[in-house]
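Novice: Structure provided below as C-alpha cells; questions to follow.
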Amino acid sequence: MLSTEAEACRSLTDQQRTLMQKARIFARKEIAPHAQELDWTAKFANTIYKKMARQGLLGITVPAKWGGAESDTLSYALVMEELSNGYASIADLCGLVELCATLLNELGTEAQKQRYLVPLLKAQTTCSFALTEPDAGSDLAALAATAEKNSRGFILNGSKHFIHNGPICDFALVLARSPAAKADDRAMSIFIVESSYPGFSRGVKENKMGQRASQLSSLYFKDCQLPPDAVLGIDGDGFKHMMVVLERGRIGIAALSLGLMRSALENVLKDTADKDRANSAKADSQTVQWAIANMATDMYAAQAMIAQAARLKDQGIPANTQASMAKLFASEAAVKHTGIAVQITGIQGYTQGNVLERLYRDAKVTQIYEGTSEVQRIIIARSLQRGGLTP
C-alpha cells in the first residue's frame, strides 16, 4: 500500500513507472536474497552488476545510443530507492556508475564514449569516482592532486582516499589541479585514469561497518603518465562540472536513504502485524504506533523532497539547495528510523543476521558520503543567505 500511494502522489510517467517496477522486481528477486551473504563476505557483487546491465538499470539518464535508459533524474531516484530497498551496496554501485556515465556522456569525445562509456554500461568494466583526499573530503577547494603537462600528455601526482570501487576499478575519473591552477584556485580538470597506467596503485581494501559489499580503498598516483586525450571535457573546467553532477549524486543518495527507511518500516510492520505472537501487545503499544506513524510521515516527506529536487534538475533549473535538503533530510531520517526499528524489535533486531541490524549499519554512511550532513547545512544556509526564501 505504501508504494502504491507513493506512486500516485509522485504522478509518474509510464517510463518512470516501468523503470521503478523493473528495479523493484529485480531487487526482490536478484538482490535481497543475497544481501546477508554480501554483507558478511564484503565481496564485489559481480553477478548482480552484470544482471543490472542486462536489465537496463545502469546509466538511467544516459542516451540509449550509448547503452543507457535515456530517462530522467526522477527515474534515477526511483531506481535507487528500489535497489536500496534490496541492499544499499547495490544501489550505491548503480549511483557510482550513474555519476561516471553522466560525466562521460556530457563531456566525453566520441572516442572516449566508445572506449569507456559503452563497456561501462554493459558492466564489462568497473569505474571509480575519485574526489576525496586526506585533507579534502567534502571541501573540494582544498584538493591537492596535481596534473602537469609534459611532451607525452600529463603527469599525475597525488592520492585519493575512501574511493568506491577503488580495489577493483578498471578506470577512475580523477579530479586534479590543472596547469591553469596558478591563475584560479578552482582550476581543476577531470582525468580518465586507467588502472594499467604506470604510476597507478591501490591501497588496501577498507573493512567498513556498513554497506560492506561496496568496495573501498585509496588510489595513489606517483608520476602517473597520462595520454593527451585523458582530459575529460575542457582542461580547467572540472570543478564546476563536478559541482553540477553532485546535484544528481545527492539526489541519488537521498533516494538510497529512502530505500533503507522504507525497508525498516516494512520490517517493523511485519514484526508487529502478527497478533498471534507472544509479543502481540507490542503491536497495540502507543509507543510503537507513534514510531510507525513518524517513520511513515518522514518517508513521505523524503519522497516529496526527492521528487521536487529531481524535477527541478530535469527542467534545467539549479537544484543544488533542494538536492542538499533532500539528502540531509533523508539521510538523517534513515539513521534515526533504522535505529528506532532496532529498538522496537529489541535484541532480535540487534542480532547479527537480522535485516534491521544491517539496515542500521548501512544507513550511517549516508550522513557522510556525497557531502556530510554538516556540509549540506552549510550549502543550504549560504543559499538562503544569498537569495532568501523562494516563494
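The values are calculated or read from the model by the stated rules, or taken from the named source; none is laboratory data. What you see is a predicted model; the values in this text were computed from it and never measured. Don't worry about glycine lacking a Cβ; one is built from the backbone with ideal geometry, like all the others, and counts go over all protein chains shown.
Novice: Mind listing whichever residues of the range 353-373 are surrounded by fewer than 19 Cβ atoms within 10 Å (Cβ to Cβ), in contact with a helix residue (DSSP H, G or I) (Cβ under 9 Å, 6 or more places away or on another chain) and among the polar types (S, T, N, Q)?
Specialist: Across the range 353-373, the qualifying residues are Asn354, Ser373.
Novice: So, Glu266, is that one in contact with a Lys or Arg (Cβ under 7 Å, 6 or more places away or on another chain) and not small (Gly, Ala, Ser) or not? Reasoning before the result, please.
Specialist: Working: in contact with a Lys or Arg (Cβ under 7 Å, 6 or more places away or on another chain): no; not small (Gly, Ala, Ser): yes.
No; evaluated as a whole, the condition is false for this residue.
Novice: Does at least one position in the range 100-109 carry a residue that is crowded, with 17+ Cβ neighbours inside 10 Å, farther than 21 Å from Glu247 by Cβ and under 18 Å from the mean Cα position of the chain (by Cα)? Spell out how you get there, then give the answer.
Specialist: In the first step, residues of the range 100-109 are kept if they are crowded, with 17+ Cβ neighbours inside 10 Å; the result is 100-105, 107-108.
From the residues that got through so far, the ones that are farther than 21 Å from Glu247 by Cβ too are none.
No - not one qualifying residue is present in the range 100-109.
Novice: Any residue in the range 105-123 that's under 11 Å from Gly59 (Cα atoms): show its pairings with residues that are among the basic types (Lys, Arg) and not in a loop (DSSP other than H, G, I, E, B) at Cβ separation under 6 Å, as long as the two are six or more apart or on different chains.
Specialist: Ala123/Lys50
Novice: Out of all the residues in the range 142-167, which are assigned to a strand (DSSP E or B) and under 17 Å from Ser128 (Cβ atoms)? Steps first, please.
Specialist: Applying the first criterion (assigned to a strand (DSSP E or B)) to the range 142-167 yields 146-150, 153-164.
Ala147, Leu156, Gly158, Ser159, Lys160, His161, Phe162, Ile163, His164, listed by residue number.
Novice: Moving on to the next point. Among (1) out of contact with any Asp or Glu (no Cβ under 9 Å at 6 or more places or on another chain); (2) closer than 30 Å to Ala363 by Cα; (3) crowded, with 21+ Cβ neighbours inside 10 Å, where does Arg202 come up short?
Specialist: So Arg202 meets the others, but not (3).
Novice: Let me ask something additional. For the range 49-61, what are the residues that are on the phi < 0 side of the Ramachandran plot and within 16 Å of the chain's Cα centre (by Cα)?
Specialist: Tyr49, Met52, Leu57, Leu58, Ile60, Thr61
Novice: Condition check: of a type in the set (Gly, Ala, Ser) and touching a residue at least 40 places away in the same chain (Cβ under 8 Å). Does Ser11 satisfy that?
Specialist: On the way: of a type in the set (Gly, Ala, Ser): yes; touching a residue at least 40 places away in the same chain (Cβ under 8 Å): no.
Taking the combined requirement at face value, the residue does not satisfy it.
Novice: Determine, yes or no, whether Val174 is within 22 Å of Gly252 (Cα to Cα), buried (at least 24 other Cβ atoms within 10 Å of the Cβ), out of contact with any helix residue (DSSP H, G or I) (no Cβ under 7 Å at 6 or more places or on another chain) and in contact (Cβ under 8 Å) with a residue 12 or more places away in the chain.
Specialist: For Val174, the condition - within 22 Å of Gly252 (Cα to Cα), buried (at least 24 other Cβ atoms within 10 Å of the Cβ), out of contact with any helix residue (DSSP H, G or I) (no Cβ under 7 Å at 6 or more places or on another chain) and in contact (Cβ under 8 Å) with a residue 12 or more places away in the chain - is met.
Novice: Of the residues Ala302, Ala341, which single one is crowded, with 24+ Cβ neighbours inside 10 Å and over 22 Å from Thr73 (Cα atoms)? So that I can check it myself, show each step before the final result.
Specialist: Values: Ala302 fails: over 22 Å from Thr73 (Cα atoms).
When all the criteria are applied, what remains is Ala341.
Novice: Restricting attention to the range 118-141, which residues are touching a Lys or Arg at 6+ places or on another chain (Cβ under 7 Å) and assigned to a helix (DSSP H, G or I)?
Specialist: Within the range 118-141, just Ala141 meets the criteria.
Novice: So is Gln385 surrounded by fewer than 17 Cβ atoms within 10 Å (Cβ to Cβ), of a type in the set (S, T, N, Q) and within 22 Å of Lys327 (Cα to Cα) or not?
Specialist: On the way: surrounded by fewer than 17 Cβ atoms within 10 Å (Cβ to Cβ): yes; of a type in the set (S, T, N, Q): yes; within 22 Å of Lys327 (Cα to Cα): yes.
Yes.
Novice: Going by the structure shown, is Leu232 among the aliphatic types (A, V, I, L, M), closer than 30 Å to His34 by Cα and touching a strand residue (DSSP E or B) at 6+ places or on another chain (Cβ under 7 Å)? First the steps, then the outcome.
Specialist: Working: among the aliphatic types (A, V, I, L, M): yes; closer than 30 Å to His34 by Cα: no; touching a strand residue (DSSP E or B) at 6+ places or on another chain (Cβ under 7 Å): yes.
Criteria not met by Leu232.
Novice: I'm trying to understand the selection: among the residues of the range 310-321, which are touching a residue at least 60 places away in the same chain (Cβ under 8 Å) and assigned to a helix (DSSP H, G or I)?
Specialist: Result: Ala310, Arg311, Lys313, Asp314, Asn320, Thr321.
Novice: Now a separate question. Checking Gly137 against (1) at pLDDT 95 or above; (2) surrounded by 13 or more Cβ atoms within 10 Å (Cβ to Cβ), which test does it fail?
Specialist: Failing condition for Gly137: (1).
Novice: Could you check the range 142-158 and list, in sequence order, the residues that are without any contact (Cβ under 8 Å) to a residue 60 or more places away in the chain and either under 15 Å from Arg186 (Cα atoms) or touching a strand residue (DSSP E or B) at 6+ places or on another chain (Cβ under 6 Å) (or both)?
Specialist: Across the range 142-158, the qualifying residues are Ala142, Leu143, Ala144, Thr146, Glu148.
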